[in-house]
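The next block holds one structure in the form of structure tokens; read it before the comments.
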Amino acid sequence: MRQSNLSIHSENILPIIKKWLYSDKDIFIRELVSNATDAMSKLKILQGSDNCKISIDIDKKNKTITIADTGIGMTEEEVEKYIAQIAFSGAEEFVAKYKSATEKDPIIGHFGLGFYSAYMVAKKVEINTLSYLPDAKPVFWSCDGSSSYAIGEGSRSLTGTEVILHLDDQNLEYLEETKLRELLVRYCNFMPFPIELNGKGIGNQSPLWMKSPTECTEKEYLAFYRQLFPLDPEPLFWIHLNVDYPFHLQGILFFPKIHRRFDANESTIRLFCNRVFVSDHCKDILPDYLTILKGAIDSPDIPLNVSRSYLQVDQHVKQLSSHISKKISDRLLSLYKTDREKYISCWPDIEMIVKLGILQDDKFFERIKEALLWKKNDGNWTTVSEYLEKAKEKKVYYASDRSSSLFPLYEEKGIEVLLSHLPIDTPLIQYLEEKLSTSFQRIDGALDEHLLDPSREKTLFDADGKTSAAKMGAFIRTCLDDQTVEVEAKSLASDKIPALLVVDENQRRLRDYMTMTQGKSGFQAKKTFVVNTNHPLIQIIERLEQKNPDLAIQMAKSIYDLSLLSQKELDPADVEKMIARQTQILEKIGSLIS
């Protein structure tokens, strides 16, 4: 068996680069400006030079764009080595040689392919360059995208490089200054050196994430947010990331205020690599529950694809995601402990983030559990731990609506009720029961002892061996159109509630979960209609059973309708029937009076 080397022919690879390597032609300006930036960074490292500038000039008459820098330049040998050899990265070679120096002034390039992005828009590319080395001679290089090129003596008199793009007729739009300026602002706004387009300055802004968090003011954070998202309202708060180990990462993530135009699917995290914009489609760098956040992340350690257009998800990215999640939970917990009032005011906007995080990430739950808030029926806020500390029994009572008629019964007994109003609360409650070894019970999810008054229970038997409560329950059962519901007549603790509907706790949860995950569920949860034998209206129905049975039946159905309505169990299709029934009852009562 013999060994040999792979052979790459430029006539084969250049068409691939031009058509397939880059997903967006606009990227050519980013790649060429990045190369120019690297050239100046190298000169700064070697000579400490601060006379650095990138000049971009448009010549509409000759259909050219020229990108010129005052960087390190190249000798003829280096042009042959770094330009003529496709995918040979001079940046990688330089970094390996000057590793310690490049940590302060990072080099952008990695793959040695960025220069060839020029051929996505140009039919011919020329280079004029002069090396910083003493006695160096200027070099000229030209290639029309084929496998051959011309090289010889150049005309440049100043150290640096200029790249001249002769645009093809399909890409003349890039000769428009407005178009090119827009791309430069998008991709190169935070480059470390001045950039001029036709003599007018662009970029050279030091991004706020480069500063220490202790040096940044609230005004600067808000101004930076407006720069990134000019149409959004001010963010709630933010976290400034500055990580050196186990990877390098800087950035600022904002918690946005949810507003009418808010789009949760919008790309909201801007990804940079050494201050160069890479993508705004980088949700893989954050866990799902944090993709609602907005801001910017910059890291030289993020693995990018060869065209530097998007992330390559690997174990490193997953570690990065986990680390960001920890920083976010630490920030939330810190705000909760130091400024609970502000945390509560932000809760409607961050509630879904916290609850999703708990369900998706056990580690997030352990860090954030003491900051998981619930509103009580009295309007105050609490956590499950605080609730259980005061509770007489290790059970958490909750309700879906603060207007529930059952609240007074629990308030009279000194029992607090938590309010649950989001669909996600159903799986969340199930999760908390397992993690906290406690139980949650919806106040209308069982005929709880707190709802009953056994001392007034009608237990006397008649000649047929039935109590009046049992007879009332049997009569109302015959009145209802819904044969799937069970009916019980009980002595409730309050005389203000004529009846209530009890929906089995576990079956309701299953139904809610199926509805949330599969859309409308056909599953029917077990329902029990409990009529209050102590309420005057039920006692009237009991007397009307013999005197005016039709009216008694209509009134029983009406009370059932109202119970369904109050607990959001009434089918919208039955609303018209309910209204008609109420009208008939009023008419009959009116006829009795007249």
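The values are calculated or read from the model by the stated rules, or taken from the named source; none is laboratory data. Predicted model only: the values in this text are computed from it and were never measured. Backbone-built Cβ (ideal geometry, glycine too); neighbour counts: all protein chains shown.
Condition (residue is more than 23 Å from residue 534 (Cβ to Cβ) and modelled with pLDDT under 85) applied to the range 401-410: is it met by at least one residue?
yes
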Residues being within 13 Å of residue 475 (Cβ to Cβ) and part of a loop (DSSP other than H, G, I, E, B): count how many of those fall in the range 532-547.
1
Out of all the residues in the range 46-81, which are surrounded by fewer than 19 Cβ atoms within 10 Å (Cβ to Cβ) and more than 22 Å from residue 200 (Cα to Cα)?
46, 47, 48, 49, 75, 77, 78, 80, 81
All but one of (1) modelled with pLDDT under 90; (2) closer than 22 Å to residue 30 by Cα; (3) out of contact with any Ser or Thr (no Cβ under 7 Å at 6 or more places or on another chain) hold for residue 249; which doesn't?
(3)
Of (1) modelled with pLDDT of 85 or more; (2) part of a loop (DSSP other than H, G, I, E, B), residue 396 satisfies every one except (2)
Go over the candidates 206, 212 one by one and state the one that is closer than 29 Å to residue 70 by Cβ and among the small types (Gly, Ala, Ser).
206
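Going through the range 548-575 one residue at a time, which ones are over 26 Å from residue 512 (Cβ atoms) and either among the acidic types (Asp, Glu) or in a helix (DSSP H, G or I) (or both)?
Going residue by residue through the range 548-575, those that are over 26 Å from residue 512 (Cβ atoms) are 548-558.
Passing the criteria: 549, 550, 551, 552, 553, 554, 555, 556, 557, 558.
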Would you please name the residue that is farthest from residue 560 (Cα to Cα), looking only at residues in the range 471-504 that are touching an Asp or Glu at 6+ places or on another chain (Cβ under 9 Å) and part of a helix (DSSP H, G or I)?
471
Some residue of the range 118-128 being farther than 22 Å from residue 26 by Cβ, in a strand (DSSP E or B) and modelled with pLDDT of 95 or more
yes
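Every residue, every condition in (1) assigned to a helix (DSSP H, G or I); (2) exposed (fewer than 14 other Cβ atoms within 10 Å of the Cβ); (3) outside the structural domain of residue 221 (by TED's automatic domain parsing), yes or no:
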position	(1), (2), (3)
158	no, yes, yes
163	no, no, yes
172	yes, yes, yes
181	yes, no, yes
184	yes, no, yes
187	yes, no, yes
190	no, no, yes
193	no, no, yes
196	no, no, yes
Long-range neighbours under 6 Å by Cβ, at least six apart or interchain, first residue aromatic (Phe, Trp, Tyr) within the range 397-423, second not in a loop (DSSP other than H, G, I, E, B):
397/441; 398/418; 398/440; 398/442
Output the number of residues of the range 233-248 satisfying the condition of being assigned to a loop (DSSP other than H, G, I, E, B) and buried (at least 16 other Cβ atoms within 10 Å of the Cβ).
3
If you take the residues of the range 416-457 that are touching a strand residue (DSSP E or B) at 6+ places or on another chain (Cβ under 6 Å), part of a loop (DSSP other than H, G, I, E, B) and among the hydrophobic types (A, V, I, L, M, F, W, C), which of them is surrounded by the fewest Cβ atoms within 10 Å (Cβ to Cβ)?
447
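Criterion first (modelled with pLDDT under 70 and among the hydroxyl-bearing types (Ser, Thr, Tyr)) does residue 299 satisfy it?
Details: modelled with pLDDT under 70: no; among the hydroxyl-bearing types (Ser, Thr, Tyr): yes.
So residue 299 does not fit the description; no.
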Name every residue in the range 359-394 that is loosely packed, with under 14 Cβ neighbours inside 10 Å, basic (Lys, Arg) and more than 20 Å from the chain's Cα centre (by Cα), in order of residue number.
390, 392, 394
Could you tell me whether the range 24-35 includes any residue that is assigned by TED's automatic domain parsing to the domain that holds residue 166, surrounded by fewer than 22 Cβ atoms within 10 Å (Cβ to Cβ) and at pLDDT below 75?
no
Residue 263 - would you say it is in a loop (DSSP other than H, G, I, E, B), over 24 Å from residue 357 (Cβ atoms) and at pLDDT below 85?
no
